[in-house]
Amino acid sequence: MDTHASTWQCGKHIVSLDIPIIVGILNVTPDSFSDGGKFSGLNDAIGRALEMESEGAAIIDVGGESTRPGAKRVSIQEQLHRVLPVIEGIQNRSNVLISIDTTMSQVAAAAIDAGASIINDVSAGQDDDAMFSVAGETGAGLVLMHRRLPPELDRYSDGYDEDPESEDIVFDIIEGLLARVKVAIAQGVQKNTIAIDPGLGFGKSVEQNWHIIKQTDRITASGYPVFIGASRKSFIGATFGIEDPSMRDGPSAEVAKEAAELGAQIFRVHNVLDHVRVLQSQSHS
């Protein structure tokens, strides 16, 4: 029996998962690891969103706080100042779905009011107890991500003094995420709005990240849509010897393809064209 999710409910939108869904990353932050500051101007950010949509992104993920290792927290007010004009600007020019990348419920609620229909929470609701109430009341799509350490305590996957220990990292991820799913549903979140993200990076070693990719099918067996964010991550850089994150797009797309072949359906990426070419050409052939 195929247990893979076939659709994902995001507010009033039903996202078909018949072909891989590309989520274009739009960081409106000065300090993101790959493109910090590049799209922090309003017109630049909106222009980049429309460009990614034209290249094949079905969702634009707008973030006002970097989650790279070592990043400092950004206040709710500053996040709102960064993301709301961008969300409104995209919404005025396009029907593309918008995701808000935040762990703060006030930011999520304001973003949904402004036109977002998905909440991408890298803390899986652990940073703000009210997040699940917002998701439940609005019916927004909700991405719950597994992380072992918050950004301010984390390091890049190739930068640990001692690798994080785990007997079975994939088991830990599935158990951790399903526990958060249970809490979310108990607090009113609809099951069909939830997607899960194993959280590549975020407290895992280079080797553990590869275990996750190669065992993606264990995660997709949960029946929830699986969201993968491998793009330009340090484990790819360490494996392929590519120091500059912006030069990791080719291997990033190949990693996404490997995860897709094992059932992953939603891909958060920097380079939309590369991923559309590798992922969506596969699904049509």
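The values are calculated or read from the model by the stated rules, or taken from the named source; none is laboratory data. Quick caveat: nothing in here was measured; it's all calculated off a predicted structure. Cβ atoms come from the backbone with ideal geometry, glycine included; neighbour counts cover every protein chain shown.
General observations
- Among the residues here, Asp172 does not qualify as within 20 Å of the chain's Cα centre (by Cα), acidic (Asp, Glu) and modelled with pLDDT under 95.
- Taken together, the residues in region 258-278 that are in a helix (DSSP H, G or I), closer than 19 Å to Ser6 by Cα and under 16 Å from the mean Cα position of the chain (by Cα) amount to 2.
- Scanning region 218-232 for any residue that is over 21 Å from Asp101 (Cβ atoms) and in a helix (DSSP H, G or I) turns up at least one such residue.
- Residue under evaluation Lys191, criteria (1) more than 21 Å from Ala5 (Cα to Cα); (2) surrounded by fewer than 18 Cβ atoms within 10 Å (Cβ to Cβ), criterion not met: (1)
- Hey, Asp158 modelled with pLDDT of 95 or more, touching a Ser or Thr at 6+ places or on another chain (Cβ under 8 Å), surrounded by fewer than 20 Cβ atoms within 10 Å (Cβ to Cβ) and assigned to a loop (DSSP other than H, G, I, E, B) or not: no
- From the list Ala238, Ala179, the lone residue that is of a type outside the set (S, T, N, Q) and either free of Cβ contacts under 8 Å to residues at least 12 places away in the same chain or part of a loop (DSSP other than H, G, I, E, B) (or both) is Ala179.
- Residue among Ser252, Ser281 that is in contact with a helix residue (DSSP H, G or I) (Cβ under 7 Å, 6 or more places away or on another chain), among the small types (Gly, Ala, Ser) and either on the phi < 0 side of the Ramachandran plot or assigned to a helix (DSSP H, G or I) (or both): Ser252
- Number of residues in region 179-209 that are under 17 Å from the mean Cα position of the chain (by Cα), among the hydrophobic types (A, V, I, L, M, F, W, C) and modelled with pLDDT of 95 or more: the value is 5.
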